[in-house]
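Contents: one structure, followed by commentary.
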Amino acid sequence: MAETSPLLFVLHVAGAAALLIWSVRLVRTGVERGWSVPLRRLLRRGGESRILSALAGLAAAVGLQSSTAVAILTTNFVGAGTLAVTAGVAILLGADLGSAVVARILLTRADWLVPVLLVAGVALFLRAQSREWRMAGRVLIGLALIFVSLSMIRTATEPLSGSRAVVAVMSYLGGDPVTAFVIGAAFAWAVLSSVAAVLLFVTLAADGILPVSAGVAMVLGANLGGTITAWMLTSRAATDGRRAVISNLVVRGGGAIVALFALSAFAPPLDLLGDTPAQRVINMHLAFNFVLAILALPAIRPLLAVVSRWVREPSEVASLGRTSALDDAAFDQPGRALACAAREILQMGEAVEAMLRSVIGLYAGWNETVAEAIRAREAEIDKMHINIKLYLAKLQRNLNDEDVSNRALELADMAVNLESAGNAIADTMLALAQRLDRNGTVFSDTGWREIRDFHDRVLANTQAGLNVLMTLNPDAARALVEEKDRVRDLEQALQRSHLDRLKMGLSESIETSNIHQETLRALKQINSAVTMIAYPILAETGDLLSSRLARSGG
């Protein structure tokens, strides 16, 4: 194939690599959609000790098949003040090891698994009623496609072992570890997945295409590329969140560079890592991340002290001023005017999300600066709401178009609901947090854990609601509305749990009873307001009945 049809060979390899990248993403999105809340809870509760944090990060990375996804979740928690920075770094170190474990598992060759996974996955995805089981089917399909893509890569690259040109190039990479390292880092960064990059490199080594020395260098480069991806995707996070990610970049990326030069300088025998080239490369990847975690966990505080000198709190926040998306010049083009209103509503939603993320930290410790920032955001949201209503009313004033009027009404309803969510945060939750501080009381350990978990679930739904607003995806809209019922049931269960603690006479529960219950109700109100974003989309697709979601036919 390589001799007679190089174009066909390139297409085969490119197609197999694309399928691999997509399959890894398919598994990750399936886990995120089906079990994002339990995973987020696992990460936050792992913050009780460094070892537990690392284990939580490992488990989350195995589930998500991505240390980058774990990094994004972790920076959110650290930025919101619900997770210590030291715990965040430990989680990221565990996630790095978890991504290596995932790669090792997925390289297992078991041809009989593919049809089993496909049959089970398709059956679950098409026939299951609950979202969790449908997403389980999605994950199984993704795993099957990963194995298929790896098999395609093996088949496509098999003829290369006899190609003199390919042998010459690969031999060069084997003798130039720095170039191989750079290629590995660039590829992992380009595909946004160190797992996919490692799987590709190890598969090439298994087929005898890639020398072990080049495979090791490229896998080390993939470790650096993965941390660079996480750093870029969290560059706008809160200061403490960025410190956690940069600390991990220093450890994993810097460790990869040090390991590369150590292997080049001392040329240790790699035969001890396995009998085959593939085993040596993947076991080196595992050993590298395991050793890094062992060495770095005890040194997190000194590491953070150094990183904090580089990543400091801004002395003053540069402000360019918010520019309204409402453009009066667009009135002669109703579609464009509606798009302007939708953009302004999205900005409202982002402001609500920022307020919701910050307010939970005030329950643990009052901070007047943060509280004032939340109040300022609420005043801004109120102003945006009024301007949106006036803008939409002006658009319809001299326009007789039923479709435009209906869409304008939908957007106005979204603005009303987001404004209501902002009020619940600034007026209700802020006052409750301040009352908790003034009274000098604290929640019971169980009560505080319940509130943090419930807040995190509502925050995740708020983020999902903004995604729905941007993409107008019916599947995502349906999932958001389904989650509304779960939040309602959970709020009732938490209220009952709180009452049970009152019956037991726990002093913390008695002193904070009203604050606890009103906080749960406020969070449920916020969730309901955000969920309303999905209703117009489902009404158009026929998925929404007069009072509830239509049942899926399969």
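For LYS394, the lysines whose Cα falls under 21 Å of its own Cα, not counting residues fewer than eight places away in the same chain, are LYS383. The average projected area of region 173-264, computed from the convex hull of its Cα atoms over all directions, is 5.4 nm². Membrane-span-like helices of the chain, defined as complete DSSP H segments with a Cα extent of 30 Å or more along the helix axis and a mean Kyte hydropathy of at least 0.5, are identified as 6-45, 85-106, 131-157, 212-233, 334-364.
Model label sites at SER308 and MET470, defined 7 Å from Cα along the beta-carbon direction, differ in position by 3.3 nm. The 1.4 Å probe gives accessible areas that order THR157, THR323, largest first, as THR323, THR157. Per the Kirkwood formula applied to alpha carbons, region 126-236 shows a radius of gyration over Rh ratio, Rg over Rh, of 1.11. Against the set (1) 23.5; (2) 25.8; (3) 24.1, the structure's computed Kirkwood radius over Cα pairs in Å falls on (2).
Accessible surface area normalised per residue over the chain is 46 Å², counting heavy atoms of protein chains with a 1.4 Å rolling probe. The stretch between SER235 and THR541 holds 106.4 nm of extra length on full extension. This uses 0.36 nm per residue minus the Cα-Cα distance. Taking each DSSP H run with n ≥ 4 as -39500 (n - 2.57) and averaging over every residue of the chain yields -26500 deg cm²/dmol at 222 nm. Cross-link partners for LYS389 among the lysines, with Cα-Cα distance under 27 Å and sequence neighbours closer than 8 places in the same chain left out: LYS484, LYS524.
The values are calculated or read from the model by the stated rules, or taken from the named source; none is laboratory data. Every value quoted in this text rests on a predicted model; they were computed, and no experiment measured them. Glycine gets a Cβ as well: all are built from the backbone with ideal geometry, and neighbour counts include every protein chain shown. Only protein heavy atoms, including side chains, enter the accessible area calculation; ligands, DNA and RNA are left aside. Shrake-Rupley method; radii C 1.70, N 1.55, O 1.52, S 1.80 Å.
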